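Before any comments, here is the structure.
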Amino acid sequence: MMAESRVKFIFVTGGVCSSLGKGISVASLGMLLEGHGYRISIIKMDPYLNIDPGTMSPFQHGEVYVTEDGAETDLDLGYYERFTSSKLSRKNSVSTGQIYNTVIQRERRGDYLGRTVQVIPHITNEIKKRIFDVAADDNLDFVLVEIGGTVGDIESIPFLESIRQIRHELGRRRVMNVHLTLVPTIAVAGEQKTKPTQHSVKELMQLGIIPDVLLARVQKPMESEMKAKIALFCNVSERNVISAEDIAGSIYEIPYMFQRNGFDVITLEHFNLNPGQINPGKWDTFIERLRNPLARVRIAVVGKYITLNDAYRSVYDALVHGAVANNAELDIVKIDSEDIESCDDNSVLSVFDGVNGILVPGGFGNRGIEGKIAAVSHARKNNIPFFGICLGMQCAVIEFARNVCGLAGANSTEFDPSTPYPVISLLEEQEVVAEKGGTMRLGAYHCEFTRGSRIASIYGRESVMERHRHRFEFTTKYRQVFENNGMLIGGVYPRNNLVETVEIPGHEWFVATQYHPEFKSKPVSPHPLFRDFIRAALERCGQGCNPCE
Ligand code: GLN
């Protein structure tokens, strides 16, 4: 199946329980390998039956991350792109739903020539094919594969069987198995316990997978005695039992922790590669600034999923990148838009007390909309830096229509299909779409900026490619009304002049985009819009008023 390629595979499984940080661990290892000069790609395999997370609620799944080619994927792909320079596409996000869909369509076409179609080999072959397709790129040295879920789940068994087969076919020198487990500390006794790890590894071995490296999630680094015990019971060399200890600082410090504990060197030695020196590049500069902020900036994020940390993951991360680029520490004030829906102006004022900038992120559905519009209004009237993203831009347009253009009752047809002024509406091509999955405007589109606009000067370019995930659009026939009333259309999609960005000249900083710039921000290359939004927020209060103690 695998031709001449010499790509090496690192399979990462998880044991004991979820939320141990598998995605960030894989991203960190990827980053370290790149630091050693290797080229990598990363695949996430999700054992659920949905084709992709695009149809799932953020409460089920957290943020839906969008790739350049328009795949709606797991938020772990966001970590992979932020931590590494690998270019990810829809090929890097695989689900059980996709695998079965492909195999069943093939069966219906008669491609299996009368044979019985089975999990082994047909499903497992399709899983292996997806992995090898990514590895077919000659420029790659490593493909890292994160298997979602926890070993012991019924639904991940075909994925585990597939990686077992790949190890069997390619051998130890081309494949490394990493298993992330939990070594809990019993609080009263203060003792680290290895039994859950022993059970988890036993489960993995029953499926024919012997881990080469055990990453043990622990509160404090493990003593060698503890490592020796795990090694003895789990068939792993003591050296390859690595502490993945809790760290006090930011997630961006995790690669350093892994490096300290030898994860990169152990990995390279497994493949008989000389570890040599690592070159962390710009990451060091980022961490240096992150650790030594000179000011503090307080940004309010107004959304309806603010109780869930992962729902706006990329937005929060992009804000951190922007803050660090300005040598500032970020303080995010999470505001539930429903809470301010029925507030009068004074109560809204108190909610935003001490806030230097307001961001309204993307979202779907009616709930909390009027609260987001109230937040926009507050920012516009009080000259507070405002950044609207996707739904955030649509709210900014609705607010401006109602309160500046005098279009009372203006709305998006998503929220009020019979509004007298549908300033946000569906394009004809979207009106006929009935299926929900993968049918939005997705992925990177070209945006051309208006000369002299703030947004053009922030990017320092005439055009840009940015990623989208929405169904509704600015209704073009209202464009003139908005311009006459002082809103500038900063960028359009040139093919049909779709409005992509709006801004209010003369306001301290009021920029909103139909696209999602947060997906392209990285610690080592903060997104210009986030960087400039934070700069404006800091400037408004004057660097002096928010010093870091
Ligand atoms: N619900 C809006 C739309 O579909 C905005 C989507 C978003 O913010 N991602 O157009």
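The values are calculated or read from the model by the stated rules, or taken from the named source; none is laboratory data. No experiment lies behind these values; they were computed from the predicted model shown. Every residue, glycine as well, gets a Cβ built from its backbone with ideal geometry; the counts of neighbours run over all protein chains shown. The area values use the complete protein model at the heavy-atom level, side chains included, leaving out ligands, DNA and RNA. Shrake-Rupley method; radii C 1.70, N 1.55, O 1.52, S 1.80 Å.
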- Looking at Leu529, Leu488, Leu538, which one is under 17 Å from Ile358 (Cα atoms), of a type in the set (A, V, I, L, M, F, W, C), buried (at least 17 other Cβ atoms within 10 Å of the Cβ) and away from the ligand (no atom under 16 Å from the Cβ)? Leu538
- Considering only helices (runs of 4 or more DSSP H) fully contained in the range 55-132, which possess at least 2 residues that are open to solvent by less than 10 Å² (accessible area, probe 1.4 Å)? 76-83, 96-109
- Message: I'd like to verify a number: residues in the range 138-193 that are free of Cβ contacts under 8 Å to residues at least 12 places away in the same chain, part of a strand (DSSP E or B) and not charged (D, E, K, R), how many?
- Response: 1
- Task: Give the residues of the range 178-212 that are surrounded by fewer than 22 Cβ atoms within 10 Å (Cβ to Cβ), within 23 Å of Leu273 (Cα to Cα) and either within 29 Å of the chain's Cα centre (by Cα) or among the basic types (Lys, Arg) (or both), sorted by residue number.
- Result: Asp212
- What about Ile42, is it touching a strand residue (DSSP E or B) at 6+ places or on another chain (Cβ under 7 Å), aliphatic (A, V, I, L, M), touching a residue at least 24 places away in the same chain (Cβ under 8 Å) and surrounded by fewer than 24 Cβ atoms within 10 Å (Cβ to Cβ)? no
- Query: Do you know which of the residues in the range 461-482 that are more than 23 Å from Gly70 (Cβ to Cβ) and of a type in the set (A, V, I, L, M, F, W, C) is most open to solvent (accessible area, probe 1.4 Å)?
  - Reply: Val481
- Task: Would you list the strands (runs of 3 or more DSSP E) that sit entirely within the range 469-522 and hold 3 or more residues that are hydrophobic (A, V, I, L, M, F, W, C)?
- Result: 488-493, 498-503, 510-513
- Task: Give me the pairs, please: first residue somewhere in the range 439-459 and among the acidic types (Asp, Glu), second residue anywhere and surrounded by fewer than 16 Cβ atoms within 10 Å (Cβ to Cβ), beta-carbon distance under 7 Å, and either six or more positions apart or on two chains.
- Result: Glu448/Glu462; Glu448/Ser463; Glu448/Pro494
- Scanning the range 388-406 residue by residue, those of a type outside the set (A, V, I, L, M, F, W, C) and closer than 14 Å to Val302 by Cβ turn out to be Gly388, Gly392, Gln394, Glu399
- Tally, over the range 366-395, of residues that are more than 23 Å from Leu498 (Cβ to Cβ) and either within 14 Å of the ligand (Cβ to nearest atom) or of a type in the set (A, V, I, L, M, F, W, C) (or both): 7
- Query: Any idea which residue in the range 412-456 is farthest from the ligand (Cβ to nearest atom), counting only those that are assigned to a loop (DSSP other than H, G, I, E, B) and of a type in the set (D, E, K, R)?
  - Reply: Arg451
- For residues that are out of contact with any Leu (no Cβ under 6 Å at 6 or more places or on another chain) and open to solvent by 10 Å² or more (accessible area, probe 1.4 Å), scanning just the range 499-517, find the one that is farthest from Gly362 (Cα to Cα). Gly506
- Task: Give the residue, chosen from Ala408, Ala434, Ala379, that is of a type in the set (A, V, I, L, M) and under 29 Å from Leu319 (Cα atoms).
- Result: Ala379
- Message: It is to be established whether one or more residues within the range 401-420 are surrounded by 14 or more Cβ atoms within 10 Å (Cβ to Cβ), of a type in the set (Phe, Trp, Tyr) and touching a helix residue (DSSP H, G or I) at 6+ places or on another chain (Cβ under 9 Å).
- Response: yes
- Residues within the range 352-365 that are on the phi < 0 side of the Ramachandran plot, more than 10 Å from the ligand (Cβ to nearest atom) and open to solvent by 20 Å² or more (accessible area, probe 1.4 Å), tallied: 1
- Item | Single residue of the range 62-81 satisfying the filter (more than 17 Å from Gly363 (Cβ to Cβ) and aliphatic (A, V, I, L, M)) that is nearest to the chain's Cα centre (by Cα) | Leu77
- Task: Would you mind stating whether Lys22 is of a type in the set (Lys, Arg) and in contact with a Ser or Thr (Cβ under 6 Å, 6 or more places away or on another chain)?
- Result: no
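The rows are residues; the columns are (1) farther than 14 Å from Leu538 by Cβ; (2) touching a residue at least 40 places away in the same chain (Cβ under 8 Å); (3) not aliphatic (A, V, I, L, M).
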site	(1), (2), (3)
Ala300	yes, yes, no
Lys304	yes, yes, yes
Leu319	no, yes, no
Gly322	no, yes, yes
Cys343	yes, no, yes
- Message: I want to confirm something. Restricting to the range 213-250 and keeping residues that are in contact with a His (Cβ under 9 Å, 6 or more places away or on another chain) and part of a strand (DSSP E or B), which single residue is surrounded by the fewest Cβ atoms within 10 Å (Cβ to Cβ)?
- Response: Val213
- Considering the range 457-473 alone, what residues qualify as being among the basic types (Lys, Arg) and either at positive phi or away from the ligand (no atom under 16 Å from the Cβ) (or both)? Arg461
- Collect the residues in the range 242-290 that are among the charged types (D, E, K, R) and more than 28 Å from Glu223 (Cα to Cα), keeping them in residue-number order. Lys282, Asp284, Glu288, Arg289
- Top-ranked residue in the range 378-435 [being free of Cβ contacts under 8 Å to residues at least 40 places away in the same chain and among the aliphatic types (A, V, I, L, M); ranked as farthest from Gly54 (Cα to Cα)]: Ala408
